[in-house]
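Bear in mind these aren't lab numbers, they're just calculated from the coordinates by the rules spelled out. What you are looking at is a predicted structure, and each value in this text was computed from that prediction instead of being measured. Counting neighbours? That spans all protein chains shown, and the Cβs are built from the backbone with ideal geometry, glycine included.
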Amino acid sequence: MNLGADTTMKGTSPSEQLPTEILLIIFEENSPKSHSRPEYRAILTLASVCQTWRRVIINTPSFWTYVNLNPTHYERNFDVGDTIYSSRLSIQLQRTRTAPLHISWYLNGTLHPRLLNIIYTMAPLSRWRSLAIYVSSLCVTNSRASGARAINVDPEIPCLSGSFENLQQLSFYGTGEFPSWLADLVENTALKLRKLQVGTNYTGILRTHLKEASARVKKATKPLPKLGHSATTFKAHVSH
């Protein structure tokens, strides 16, 4: 018996022979935990190691569920975004299958013409687990003809329809009025909401348009009474 003999399959690297379960444990350390683009670059780097790693990563929905609805700087500029942006977003959403989504949305300027159709067909609101919206009136444009320039525009905030039945976290920051359609959806459908954050200029809506949602969040995050003497005392007080 030759203990030093190479027992691997010819033409197959050791990295390709690891069981899928082991690969997923390894990859979990590098799976995206936020919308940071470097986190996705790390996943893409792992996917480029070999065909096996690529197949496992592409077919694991949890690696793709942090979704930026806004285009990248490259997609927004240089007159290339119309096709690249919608294709990139569609491919990512396909990889999520039916997994809950974490949505980040930076609104400035006009929406991509295909975005709403992509949302309704591939990322319905019922799948959104968290939503972070940032609204800005400052839009930076860049083209080969005119170069970079910053302009003030009224951001286009679409009126979405659906149900936030699985939404647990919502944050909203920026300028302008808080969208009434968003307040209505959160109040009436986000029954699982556990975290609600708004910019200082929107705190008033927590007592008006988002009164019920705020109450649900407080109730969901209220500490449970401690077991033992304190819990017994609480029950005795209620009985009176």
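Structure summary
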quantity	calculated
Sequence-distant residues sharing a close amide H with Gly174 (under 5 Å, placed H)	Val135, Gly199
Residues Ser180, Ser130 arranged by fewest to most Cβ contacts within 10 Å	Ser180, Ser130
Calculated FRET value between Asp184 and Asp154, using beta carbons and R₀ = 22 Å, to 0.05	0.55
Using a Förster distance of 25 Å, the FRET efficiency for Gln51-Ser126 (Cβ separation, nearest 0.05)	0.15
Net charge of neighbours whose Cβ lies under 13 Å from the Cβ of Leu191, counting Lys and Arg as +1 and Asp and Glu as -1	+1
J(HN,Hα) series, the stretch 160-175, from Karplus relation 6.51 cos²θ - 1.76 cosθ + 1.60, nearest Hz, glycine and proline x	8, 10, x, 9, 8, 5, 10, 6, 10, 9, 9, 9, 9, 9, x, 10
Overall Cα dimensions of the stretch 73-222 - principal axes, largest extent first, Å	55, 36, 22
In nm, spacing of pseudo-spin labels at His73 and Gln94 (7 Å Cα→C-beta vector)	2.9 nm
Sorted by Cβ neighbour density within 10 Å, fewest at the top, the residues Glu177, Glu187, Glu21	Glu21, Glu177, Glu187
Under 5 Å, built H, 5+ apart or other chain: amide partners of Leu131	Ile103, Gln169, Leu170, Ser171
J(HN,Hα) series, the stretch 67-74, from Karplus relation 6.51 cos²θ - 1.76 cosθ + 1.60, nearest Hz, glycine and proline x	10, 8, 7, 7, x, 6, 4, 5
Peptide ranges 61-70, 88-97 listed from the most packed, as the mean C-beta count within 10 angstrom indicates	61-70, 88-97
Under 5 Å, built H, 5+ apart or other chain: amide partners of Lys192	Leu167
Order of Thr98, Thr60, Thr208 - criterion: other Cβ atoms within 10 Å of each residue's Cβ, fewest first	Thr98, Thr208, Thr60
HN-Hα J in Hz across the stretch 186-198 - Karplus 6.51, -1.76, 1.60, θ = phi - 60°, x for Gly and Pro	5, 4, 9, 10, 8, 6, 9, 4, 10, 9, 9, 10, 9
